[in-house]
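Taking it in order: structure first as C-alpha cells, then the write-up.
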Amino acid sequence: MLLHRVKHVPQTSFDKIALYSGKGVTRLMSETSHHISKQDSQQPRYFRGGEQKVMKKSLSLLLAIAMVFGMFAATASAADEKEAAKELTALEKFEVLKEAGLFKGFGEDGDAQLDATTTRAQFATILSRAFSLEAAPEAADFTDVPANHWAIGEIGAAAKAGYIKGTGVKIKKYEPSNNVTVEQLAAVLARALNLPASDAAVDGAASEWVIKEGTLAAALQAGLLPAQTDYKVAATRDLLVYATYQIFVTQGVTYEAEALTDKKVKVTFSDGTVVEKELETALELGKATVIEVLYKGTKVNVTVTYNAPEFDAAATGARKIEVKFNKAIEDTSKVTLTVKRGTSTIALTDTKWAEDKRSAVLTASNKFVTGTYTVSATGVAEEALTKDLQLETEKVANVEILGDVASLVNTPKQDQPIFYGAVQVGYKITNQYGENITNVTSLNSSSSGGNVSLNQQTGIATITSPSNTIFILDSSISLTLIHVQTSTVITKTLKVSPEAKVTTVEIEKLHGPKDAVLNSDSAPDSFMLVINATDQYGNPVTSPATLSKDIIVSASNPYVANIKNSIVSGVSRATFETETIDGVSKPVLRLATGNTNNSLTNGTSIINFIPTGPNAKAAQFTVTVGTGQKADNIVVYDSGTIAAGEKTRFAVLVTDPNGVEIKDPNVLNSGASYSGNNTNPKGVDVNASFAGNDGKFKVVNGEMVYEFTAPNVLATHTLTFFTAGLKNVVKTFEVRAKAELKSLDGLKTDVYTAIFKNNTADSDLELKHSSFNIGDQHGRTLSNDDVKALIADAPAAGKYHIFVSPESTTTNVSVIADEIGHDAKVGKLRGVGKGSSSIKFTLVKAINAGTDVAPNYVWDTTNIVDTFSASFRSVELSELDNFGIESVGNVYATNDTGATLHADYEKSVDVFGKTNDGKKVKLPKSEYTVATLSNAISITNDKKVKGIAGSVAGVNNEVTGKISVTVTGSSVTTKTVEADVKVSNVNPRVNSIGLDNIAFTPDVAPTGSVFNVDAVTDAGSLEIKDQYGVKVDNTSFVGSSFKFGDQSTGAIQLYIADIAGVQANSTGGANVTVLPTSADFKVTVSSGGTTKTVTVEVQ
C-alpha cells in the first residue's frame, strides 16, 4: 500500500519502502551502497510513518474521524497475525479495531452501523479536537457559516490548519450540514498526512477540484481507501473502518520486497510476517512495479524490481571463495557452483549456503595458487553465470608474539623436581585472509635467554636456558621471530613470569557429524565439545596434555552423557584431543557414556569445567540428549508377483511416535524385543510363516525396503512385522512357481541399432543378455541379475541361451558371433555395407538328451521358447553429426607411485555420433584422437584414460579432469568434443558381489563334506568388483582373503543359515559339514558392507 511515490533506485532486486511518511517524501533511516555486481540497496522504508509524531498524528486523525461515527480512542494492540492469509471483511476489521479499543459501536450490542454518515461540521469539530487546535472563528470565512454557528471555532481551526477548504469558487462556502463525501474524506486524509499530490488517473466519478489537487489519487495510491465507482457520494462508516485498519496494522512497519523469479515475489515484513505471491503477469526486467499483497487481512501495495540474477565472488581464505548473489536463491538444491583454473575443475569439499540463501562459501580441497580462477553458477539463470577471480598463493601476512610475558616451565632434573630451566610464550602466524597458518609455517628464531624451539602445532615458543641455570622471575629476555621468505622480522622483550595455568574455559559448541542431532541413537564419541582455553596471560592453551592437567572436568549425569577420560598416574583426567573443525585445528573433548552398553540416554547432563590456574573461572555446558528414533508405526506396500526362491523386496514406511520417518536400517534391524543387550528396543521384529527367513531392512535406490528370499514352497505365506511401539502389520503374499525365461521382449532403449560401416572388428556391435528385455512366465520383465542367474554359456539344467542369425537377404549387417550367454558368449554384429538388415534372436532352453544317470544337456533348438527380430543399420561417417563421449566412469589414481595396477583401471574412451534421426553410432578408434586437458590423467596408445599416480593431493580425494576428442575422418569436417572425468585416489573397496546359486555335492555319509569359503570361490560364479568396476581375480584368493587390482587386500565373510552345526559363522572361516541328506541352505557372502545371498543346492 503506497501512500506516496517512492524513490526508485535502478538495478535493485528488492525495495524497502515507506508506507507512511508525514513529510511528503520518502524518509530512509540511512542510505548505503553495498556493491554486489550492479546492485544498489536501500534501508527498510516505512509503510506510513518514519517519525513517531507523524504516526501518532495519523492515528489521531483516524480516531478523531471515527469518533463522529461512534468510536473512541484507546490503547492500540497488534492485530492477529493468523489472519494474514486472507482478506478480512469490513465487519471483521471493525471487530479487530473494536477489540483493540478503537471502536465502540452503537447501542448495547455495539452494532457496527457500517452505513452511517456524518456532517461536515461534525467532521471539522473532531479534527480540531483530535489535533488540539485552538479555536479560530476568524478563519471560518465561509459565507454559509454564521458567526453564531455552534462549530465556527472548530471549522476555522481546521481551515487554518489546512485540513479543510470551502466548496465554492466565486462564493466561498463550507456547507456544514452536508454529509462528508468520499472524495472529501480522501482529500482531508491526504492533506493531514502531508501526502504528495498525485496526477495518476482515477477511475470513477470524481469532482474536478479533487483531481486537480491530486489528493484523491494520492489517498488511493496509498491504499487508504478502496477504489469506488463514485467518489462524490457520502462517506460511510465502513470506509473509515477501512482507512483506520490500514494505518492500525501498518504503522511503523517496514518491508523488503524481493523478486525471486519474474513471476514470484517474496515480501518480508519487519514484524516477521513473510508473504509469497505468484504473479499472473511476469515482471519486466529492471522496472519497479507496484503489486498488491495481503498483510494481516488487508491489501497493501509494495514495490518490487526484478533484475537478472548476478553474483560477485571473492576469496575469503586460502581454500575458500564466497559467492554473493544479488537476490535470494529460491531453491539452492538446483544450483551448482563450480570453480575452474583454466580447464581444470577445482575439487570442492564443501558448499555452505547462508541462511538467507543470498551467498555461499565454497571450500576447495587444496589451497589456491596464483592464477585466474573462474567461478560458475548454473541453475540460477537460463545460462551459466561466471566470474573471473585473480587469486594468489597463500602468503604470510603477519607474525605476532602473543603477550608481553614468558611464563616459567618446570623442567625437572633427577635431583631437582622443581627446576625452571625454560620459559614459554605463544606466537601466531596469519595469512592474507587472517587465517591462522602457524601449524604450516616455519620460522627462524633467536633469544637472549637461550635456545628457541617452535612448536608449529601448538603455536608455543619455548626458550631453554643454555646452561644449568634457571630463569629468574621478573627478569627480561628478548625473542626474535623471522619469516625468511617475506623478510618479516618481529622482536619483543618479554618479562619472565610465573608458570602459565589454564584460567578460563569457553565451550564454543557441541560438534558432531554433518546434519546429525544428538540423541540416544548417536555414537557418543562422534560428538565432541569444542574448547577455547586461555591462561592467566590471555594466551590460548591448545595442548591436549596441558588441558588435561589443568582442567578438572565432571558430568552431572554420566549415564545421560559423560566425557572421555583416562587414568593418568592413578588419577582420572579428561582426555582432550585435537580435531580439525571447520578447517581449523581445535582442542576437543569427546562425549562418552557411563552405560555398560555404550549408549547415551535421553536427558540432560551438565559438563563442569574447573580450571586450576590463578583466579580461574569455572564454566558449564549443558548436553541435551534427545530421544532416539523408535519404530512405532509401519506400512508395508505390495511387491507384485513373487516367484519361488527369488530375492523379494517389500517397500516399507516406518515412523517413530512423532510421525517422523526412520531412514536408518540399522535402527529397524536392531529388533523390537527385550533380550540380551537389547535393553531399549527400537526396531522391528519380523516373524515369517515359513522356515529360514533371511530378511533384513535395507535402503535400495533411496527407498527403505524389507528384503528376503521367497520360500520355495508354492503357497500363501505371511510376514508379521512387530514394532517396538507395540504395533504390528501382517503381510500376506502368494509364492508362485520359480521364474523361467518365457519371452524376448525387444532391445533395451540404450542399445545401439546403428553400426559404423568399416568391415573391421574395431566397430563391431556387441550384444549381451543385458541388452534385451526378457520376461518370465508370470508376465514380469526380469532384472539383469535375474536373467543372469538363468542364462548360461553352456547347456545345463534349467539354463537358457540366445542365438543370433541374419533374417533378411540383405547383408549390410553381418552376424560375426551368433551366441549370447552368461558371460563369455557375446553376440557381435558388423557393418559391411551401407543400409539395413534384419537380425533374428532366438531364446532356447537346455534339455537333457542323455539319462538321469548320465545326463547330457544340449540346447533345444526345436522347441523354441521365443523369438524376435530387429533392424540394424550400417552407416558411414558422412551420415553422422552431434558427436559425443560415452561416460568414462571413475578413474583410479593411486597415491602409491610404485604400484602396479591391473589394466582394467584404464578406461576406454568410446565416442559416438548421431544420425539425422537421432540414432547413436559407436565410432571405431581409428576415426578419432584423444588428448588430456588435465595433469591428473594420461591417454594410452589404445585411447584409454589412465590415472596418474600421486596426481590427486591428500587422502580419499577426488578431482575432475577433462579429455578432448577430435573426430578426424576424411569424410567429415573435423569436430572436437570434451568430457569431464572423475579422478579419485580412494583405495579400491568392494562395490558389488555377484554369485549364482551353488550346486554342492557332499561326500557319501556318514562323513559328508565341509562347505566353506573354498566352496564359494571354487563355484566359478563369484564376481567381486570395486568402485572402479574392476573385477577381483578369483585366483588371488588365499582362504577368505583376496587382492584388488592394485594389489591391496580385502576379505570376504560367510554367514551360513538354515543348517545346523555351523562353526565360526559371520567370519571368513565359517564352515559346516554337509551330508547328502542335508536340505538346501543359504549362504551370505559379505565384504565391506556389500552382501550377496544365494542358495546352496545340496546335490
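Name every residue in the stretch 330-351 that is among the charged types (D, E, K, R) and over 19 Å from VAL959 (Cα atoms), in order of residue number. Don't jump to the end; show me each part of the working.
So the first thing to find is which residues in the stretch 330-351 are among the charged types (D, E, K, R), and the list is 330-331, 334, 340-341, 350.
Selection gives GLU330, ASP331, LYS334.
The rows are residues; the columns are (1) over 22 Å from PRO226 (Cα atoms); (2) surrounded by fewer than 15 Cβ atoms within 10 Å (Cβ to Cβ); (3) touching a helix residue (DSSP H, G or I) at 6+ places or on another chain (Cβ under 7 Å).
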position: LEU260; (1), (2), (3): yes, no, no
position: SER270; (1), (2), (3): yes, yes, no
position: LYS277; (1), (2), (3): no, no, no
position: THR298; (1), (2), (3): no, no, yes
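I'm checking my understanding of the structure. Among residues of the stretch 734-750 that are part of a loop (DSSP other than H, G, I, E, B) and not β-branched (Val, Ile, Thr), which one is surrounded by the fewest Cβ atoms within 10 Å (Cβ to Cβ)? Write out each step before concluding.
First, pick out the residues of the stretch 734-750 that are part of a loop (DSSP other than H, G, I, E, B): 737-740, 748-750.
Cutting the leftovers down to not β-branched (Val, Ile, Thr) gives us 737-740, 748, 750.
On the way: ALA737: 11, LYS738: 16, ALA739: 22, GLU740: 14, LYS748: 11, ASP750: 7.
The residue in question is ASP750.
Mind checking which strands (runs of 3 or more DSSP E) fall wholly inside the stretch 798-888 and carry at least 3 residues that are farther than 27 Å from ALA761 by Cβ?
Working: elements: 800-806, 813-817, 827-831, 835-848, 857-860, 866-875, 881-885.
In the stretch 798-888, 835-848, 857-860 are the strands (runs of 3 or more DSSP E) which contain 3 or more residues that are farther than 27 Å from ALA761 by Cβ.
Any residue that is in a helix (DSSP H, G or I), at pLDDT below 85 and surrounded by 20 or more Cβ atoms within 10 Å (Cβ to Cβ) - is there at least one of those in the stretch 200-210?
From the stretch 200-210, those in a helix (DSSP H, G or I) are 208-210; that's our starting set.
Filter again for at pLDDT below 85, leaving none.
No, because not a single residue in the stretch 200-210 is in a helix (DSSP H, G or I), at pLDDT below 85 and surrounded by 20 or more Cβ atoms within 10 Å (Cβ to Cβ).
Can you find even one residue in the stretch 393-412 that is of a type in the set (Ser, Thr, Tyr), outside any loop (DSSP other than H, G, I, E, B) and at negative phi?
yes
Using the structure shown, decide if ASP980 is surrounded by 13 or more Cβ atoms within 10 Å (Cβ to Cβ), under 25 Å from LYS944 (Cα atoms) and not assigned by TED's automatic domain parsing to the domain that holds PHE912.
On the way: surrounded by 13 or more Cβ atoms within 10 Å (Cβ to Cβ): yes; under 25 Å from LYS944 (Cα atoms): yes; not assigned by TED's automatic domain parsing to the domain that holds PHE912: no.
It is false that ASP980 is surrounded by 13 or more Cβ atoms within 10 Å (Cβ to Cβ), under 25 Å from LYS944 (Cα atoms) and not assigned by TED's automatic domain parsing to the domain that holds PHE912.
Exactly one of these conditions fails for ILE552: (1) among the β-branched types (Val, Ile, Thr); (2) in a loop (DSSP other than H, G, I, E, B); (3) over 29 Å from the mean Cα position of the chain (by Cα). Give me its number.
It fails just one condition, (2).
Test of understanding: among ASP525, ASP515, ASP582, which residue is exposed (fewer than 14 other Cβ atoms within 10 Å of the Cβ), within 30 Å of GLY403 (Cα to Cα) and modelled with pLDDT under 95?
Values: ASP525 fails: within 30 Å of GLY403 (Cα to Cα); ASP515 fails: within 30 Å of GLY403 (Cα to Cα).
Matching residue, one of ASP525, ASP515, ASP582: ASP582.
Considering ALA688, ALA672, ALA631, which residue is under 24 Å from THR1091 (Cβ atoms), hydrophobic (A, V, I, L, M, F, W, C), in contact with a His (Cβ under 8 Å, 6 or more places away or on another chain) and in contact (Cβ under 8 Å) with a residue 12 or more places away in the chain? Talk me through it step by step, then tell me what you get.
Working: ALA672 fails: in contact with a His (Cβ under 8 Å, 6 or more places away or on another chain); ALA631 fails: in contact with a His (Cβ under 8 Å, 6 or more places away or on another chain).
Sole residue among the options that is under 24 Å from THR1091 (Cβ atoms), hydrophobic (A, V, I, L, M, F, W, C), in contact with a His (Cβ under 8 Å, 6 or more places away or on another chain) and in contact (Cβ under 8 Å) with a residue 12 or more places away in the chain: ALA688.
Filter the stretch 904-929 for residues that are outside any loop (DSSP other than H, G, I, E, B) and crowded, with 21+ Cβ neighbours inside 10 Å and give the result.
TYR905, LYS907, VAL911, GLY913, VAL921, GLU927, TYR928
Mind listing whichever residues of the stretch 751-797 are under 39 Å from the mean Cα position of the chain (by Cα), over 20 Å from ILE839 (Cα atoms) and part of a loop (DSSP other than H, G, I, E, B)?
ARG780, LEU782, SER783
Taking the condition of a type in the set (Val, Ile, Thr) and either without any contact (Cβ under 8 Å) to a residue 60 or more places away in the chain or surrounded by 20 or more Cβ atoms within 10 Å (Cβ to Cβ) (or both), does VAL1030 pass?
On the way: of a type in the set (Val, Ile, Thr): yes; either without any contact (Cβ under 8 Å) to a residue 60 or more places away in the chain or surrounded by 20 or more Cβ atoms within 10 Å (Cβ to Cβ) (or both): yes.
Against the criterion (of a type in the set (Val, Ile, Thr) and either without any contact (Cβ under 8 Å) to a residue 60 or more places away in the chain or surrounded by 20 or more Cβ atoms within 10 Å (Cβ to Cβ) (or both)), VAL1030 qualifies.
Taking the residues in the stretch 461-478 that are of a type in the set (Val, Ile, Thr) and within 16 Å of THR411 (Cα to Cα) as candidates, determine which candidate is surrounded by the most Cβ atoms within 10 Å (Cβ to Cβ). Quick ask: steps written out before the conclusion?
Start the filter on the stretch 461-478 by keeping residues that are of a type in the set (Val, Ile, Thr), which leaves 462-464, 469-470, 472, 477.
Now narrow it down to the ones that are within 16 Å of THR411 (Cα to Cα): 462-464, 469-470, 472.
Details: THR462: 19, ILE463: 27, THR464: 17, THR469: 11, ILE470: 16, ILE472: 10.
My answer is ILE463.
Among the residues of the stretch 643-692 satisfying the criterion of being more than 31 Å from the chain's Cα centre (by Cα), surrounded by fewer than 19 Cβ atoms within 10 Å (Cβ to Cβ) and of a type in the set (A, V, I, L, M), which is farthest from THR601 (Cα to Cα)?
Of everything passing the filter in the stretch 643-692, ALA644 is farthest from THR601 (Cα to Cα).
Residues that are out of contact with any His (no Cβ under 7 Å at 6 or more places or on another chain), outside the structural domain of ALA218 (by TED's automatic domain parsing) and free of Cβ contacts under 8 Å to residues at least 24 places away in the same chain: find the strands (runs of 3 or more DSSP E) completely inside the stretch 253-356 holding 1 or more of those.
Details: elements: 254-261, 264-269, 274-278, 288-295, 298-305, 311-315, 320-325, 336-341, 348-353.
In the stretch 253-356, 264-269, 274-278, 288-295, 348-353 are the strands (runs of 3 or more DSSP E) which contain 1 or more residues that are out of contact with any His (no Cβ under 7 Å at 6 or more places or on another chain), outside the structural domain of ALA218 (by TED's automatic domain parsing) and free of Cβ contacts under 8 Å to residues at least 24 places away in the same chain.
Working carefully through the options ASP917, ASP910, ASP904, find the one that is on the phi < 0 side of the Ramachandran plot and over 35 Å from the mean Cα position of the chain (by Cα).
Details: ASP910 fails: over 35 Å from the mean Cα position of the chain (by Cα); ASP904 fails: over 35 Å from the mean Cα position of the chain (by Cα).
Result: ASP917 is the single residue among ASP917, ASP910, ASP904 that is on the phi < 0 side of the Ramachandran plot and over 35 Å from the mean Cα position of the chain (by Cα).
Kindly check whether there is at least one residue in the stretch 995-1014 that is of a type outside the set (D, E, K, R), surrounded by 16 or more Cβ atoms within 10 Å (Cβ to Cβ) and under 37 Å from the mean Cα position of the chain (by Cα).
Taking every residue of the stretch 995-1014 in turn, at least one turns out to be of a type outside the set (D, E, K, R), surrounded by 16 or more Cβ atoms within 10 Å (Cβ to Cβ) and under 37 Å from the mean Cα position of the chain (by Cα).
In the stretch 715-722, is there at least one residue being modelled with pLDDT of 95 or more, surrounded by fewer than 20 Cβ atoms within 10 Å (Cβ to Cβ), of a type in the set (A, V, I, L, M, F, W, C) and not in a strand (DSSP E or B)?
Checking the stretch 715-722: at least one residue is modelled with pLDDT of 95 or more, surrounded by fewer than 20 Cβ atoms within 10 Å (Cβ to Cβ), of a type in the set (A, V, I, L, M, F, W, C) and not in a strand (DSSP E or B).
Out of the stretch 1001-1052, which residues are within 18 Å of PHE1081 (Cα to Cα), of a type in the set (A, V, I, L, M, F, W, C) and at pLDDT 90 or above?
Across the stretch 1001-1052, the qualifying residues are VAL1010, PHE1011, VAL1013, ALA1015, VAL1016, LEU1022.
Considering only the stretch 426-435, I want to know if a residue exists there that is over 21 Å from LEU494 (Cβ atoms), outside the structural domain of GLU330 (by TED's automatic domain parsing), surrounded by fewer than 14 Cβ atoms within 10 Å (Cβ to Cβ) and under 43 Å from the mean Cα position of the chain (by Cα). Lay out the reasoning, then the answer.
Residues of the stretch 426-435 over 21 Å from LEU494 (Cβ atoms): 431-435.
Now drop any that are not outside the structural domain of GLU330 (by TED's automatic domain parsing), which leaves 431-435.
Then keep just the ones that are surrounded by fewer than 14 Cβ atoms within 10 Å (Cβ to Cβ); that gives 434.
Restricting the remaining residues to those that are under 43 Å from the mean Cα position of the chain (by Cα) gives 434.
Yes, the conditions are met somewhere in the stretch 426-435.
Restricting the search to the stretch 912-935, which residues are free of Cβ contacts under 8 Å to residues at least 60 places away in the same chain and not aromatic (Phe, Trp, Tyr)?
Within the stretch 912-935, GLY913, LYS914, ASN916, ASP917, GLY918, THR929, VAL930, ALA931, THR932 meet the criteria.
Counting only residues that are surrounded by fewer than 18 Cβ atoms within 10 Å (Cβ to Cβ) and either modelled with pLDDT of 80 or more or in contact with a Lys or Arg (Cβ under 6 Å, 6 or more places away or on another chain) (or both), how many does the stretch 117-137 have? Give the steps one after another, and end with the answer.
Keep residues of the stretch 117-137 that are surrounded by fewer than 18 Cβ atoms within 10 Å (Cβ to Cβ), which gives 117, 119, 129, 131-132, 134-135, 137.
Next, only the ones that are either modelled with pLDDT of 80 or more or in contact with a Lys or Arg (Cβ under 6 Å, 6 or more places away or on another chain) (or both) stay: 117, 119, 134-135, 137.
So the count comes out to 5.
Just one of (1) modelled with pLDDT under 90; (2) in contact with a helix residue (DSSP H, G or I) (Cβ under 8 Å, 6 or more places away or on another chain); (3) assigned to a loop (DSSP other than H, G, I, E, B); (4) surrounded by fewer than 17 Cβ atoms within 10 Å (Cβ to Cβ) trips up TYR163, so point out which.
(4)
The values are calculated or read from the model by the stated rules, or taken from the named source; none is laboratory data. Owing to the predicted nature of the structure, the values given are computational and were not obtained by experimental measurement. Here the Cβ is made from the backbone with ideal geometry for all residues, glycine too, and neighbour counts use every protein chain on show.
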